[in-house]
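Only one structure is covered here, and it is reproduced in the block below.
The values are calculated or read from the model by the stated rules, or taken from the named source; none is laboratory data. A quick note: this is a predicted structure, and the numbers were derived from the prediction, not measured. Cβ placement follows ideal geometry from the backbone for every residue including glycine, while neighbour counts extend to all protein chains displayed. Side chains included, ligands, DNA and RNA excluded: accessible areas come from the protein's heavy atoms. Shrake-Rupley method; radii C 1.70, N 1.55, O 1.52, S 1.80 Å.
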Amino acid sequence: MTDTRPIQVDIAIVGGGLVGSSLACALAPLAERQGWQVAIIEAMPLSRSGERSYQPSFDERSSAIALGSRLHFERIGIWEAMAEHASPIRHIHISERGRLGSTHMHAQDVHAEALGYVIPNAWMGQALMARLDTLPLQRFCPAQVISAEPLPEGYRLALDSGQMIDARLMVLADGGRSPIKSLLGISDQVHDYHEHALIANVEISRPHQGIAYERFDSAGPMALLPLEGQRMGLVWTRAPDELAALLVMSDREFLAALQGTFGERVGRFRKVGSRHHYPLSKRQACEQIRPHLAILGNAAHSLHPVAGQGFNLALRGVMDLCAALENQALRGEPLGSMAALSDFEHRRSQDRLQVAEGSHLLVSLFGIDNMPLSHLRSLGLATLDKVGPLRRALMRRAMGVVR
Ligand SMILES: Cc1cc2nc3c(=O)[nH]c(=O)nc-3n(C[C@H](O)[C@H](O)[C@H](O)COP(=O)(O)OP(=O)(O)OC[C@H]3O[C@@H](n4cnc5c(N)ncnc54)[C@H](O)[C@@H]3O)c2cc1C
């Protein structure tokens with residue numbers, strides 16, 4: 001007869017994407033000290049080297065990882081692996097299409113080796129999976145959580161395999177669509193941009209020299225991020241009809257359209273990989289915590305990718321949750337009690353608001369096609385380029401080294 005009793009754990013992480021896996025790695029030392037059992041449940045088969053299984057986090061995208069996130073990865077013990085395919089961002093060039101004003105940021109201005117790094121999501125996934133393999137975790141994968149029911153001292157999770165898990169703390173890291181959050185009646189505040197981000201890797205004819213480009217255009221921003229070799233990661237924001245046209249183009253037509261929009265700053269665009277697209281919205285869960293429940297990553301908030309801050313913000317959430325749980329353990333309070341979770345939410349709310357509204361403001365400001373405003377923006381970029389202290393302060397914030 002099969003045993004149908006619930007499996008007892010202390011912490012259950014729902015979702016093993018970038019954020020859930022990072023949390024599992026970050027929690028490991030504390031869990032070991034406290035003797036906590038941690039389970040991670042992921043719906044998609046985990047990709048390992050050589051395997052090609054699609055998992056939302058670990059797709060063709062590359063992410064700009066701020067210096068602050070590198071420091072977190074070092075603390076978690078996975079930076080060495082991540083660094084194998086991390087391309088440093090040594091300079092950032094911000095401009096507006098058709099206008100003269102631009103801003104240049106340089107790592108040497110803030111005495112740093114790099115302003116950040118660009119890492120393929122698939123590689124981050126592999127580094128995280130390799131680390132998870134070494135940890136004493138209970139991994140349920142592929143397994144989907146189909147319901148979560150509050151208990152007096154935790155949550156009971158039902159998996160599609162028929163297994164049940166009782167956890168004293170449930171962490172939802174199940175992404176932007178988070179079905180479990182909906183089942184619990186937690187809604188989102190949503191601003192739909194009615195735009196999509198088209199992403200693709202492109203090969204260029206000149207070395208990129210570690211320069212990341214952010215080009216604003218009233219039709220939507222475009223970013224080019226330095227990758228290994230003479231390749232760059234393109235993130236091109238477009239309205240649905242323009243996106244549809246870009247998706248059906250042949251590679252040659254697409255490269256010509258990109259060249260026409262971006263110009264010759266990186267030489268010729270020579271090749272393009274597969275194109276993917278993501279609908280864009282600003283989204284925030286109306287409740288971020290409940291007794292015995294914390295929400296992280298895209299399930300808690302998603303942003304416009306213009307400033308490349310979504311995962312960086314989420315990783316700060318991961319570290320803050322670990323810190324709050326550590327304090328809770330030191331105070332001898334039960335795991336998942338509201339005191340620690342409120343402490344966590346108190347740390348998060350300001351950062352979340354600033355980053356989400358900052359990204360939103362950038363998109364809104366540059367999305368208005370209006371002559372006086374366009375002059376002002378150009379002047380703003382030119383002024384920022386001249387005023388060193390202001391530029392450096394902005395750089396430190398974007399690097400995630402001040403809060
Ligand atoms: C175009 C684009 C570019 C971006 N660029 C950057 C950047 O440069 N820098 C940056 O910091 N951020 C960037 N971001 C944001 C970043 O990608 C996200 O913040 C990050 O992927 C969020 O990861 P996540 O783990 O929260 O969610 P997800 O990646 O969605 O992972 C959720 C996981 O949960 C699993 N799951 C879902 N439901 C269940 C269930 N019921 N049971 C079990 N498992 C479940 C899913 O299979 C999935 O693996 C970008 C985003 C976009 C769209």
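Hey, for a label at Leu135 modelled as a point 7 Å past Cα toward Cβ, could you say which residues of the stretch 325-340 have their backbone N under 20 Å away? Only 325-330, 335-337 fall inside the zone, counting backbone N under 20 Å. The apolar share of the surface of the stretch 92-182, taken as the fraction of accessible area on carbon and sulfur atoms (1.4 Å probe, ligands and nucleic acids excluded), comes to 53 percent.
Summing charges over neighbours of Ser182, with a neighbour being any other residue whose Cβ is under 13 Å away from its Cβ, gives 0 when K and R count +1 and D and E count -1. Of the beta bridges in the stretch 153-305, as assigned by DSSP with both residues counted there, near 90 percent are antiparallel.
Per-residue packing, averaged as other Cβ atoms within 10 Å, sorts the ranges 69-75, 220-226, 150-156 into the order 220-226, 69-75, 150-156, beginning with the highest.
In order along the stretch 252-266, the Karplus-derived 3J(HN,Hα) couplings, from 6.51 cos²θ - 1.76 cosθ + 1.60 at θ = phi - 60°, round to 4, 5, 5, 4, 5, 5, 5, 4, x, 7, 8, x, 9, 4, 10 Hz, and Gly and Pro are given as x. The heavy atoms of Cys141 present about 50 square angstrom of accessible area, all protein chains included, probe 1.4 Å.
Counting 0.36 nm for each residue step from Ala257 to Arg206 and taking away their Cα separation leaves a gain of 16.5 nm. Counting only protein heavy atoms and a 1.4 Å probe, the stretch 80-213 has 45 square angstrom of accessible area per residue.
Could you look at the stretch 185-253 and say what percent of its accessible area is carbon and sulfur, using a 1.4 Å probe and all protein chains? Here it works out to 51 percent.
What FRET efficiency do you get for Glu32 and Asp192 if R0 is 56 Å and r is their Cβ-Cβ distance, rounded to the nearest 0.05? Efficiency at R0 = 56 Å is approximately 0.85. Shown are Glu242, Glu149, Glu42, Glu32, whose ranking by accessible area with a 1.4 Å probe and every protein chain present, most to least, is Glu32, Glu149, Glu242, Glu42. Count Lys and Arg as plus one, Asp and Glu as minus one, and take only other residues whose Cβ is under 11 Å from that of Ser69; the net charge is then +2.
Were the residues from His93 through Val248 laid out at 0.36 nm apart, the gain over their Cα-Cα distance would be 52.8 nm.
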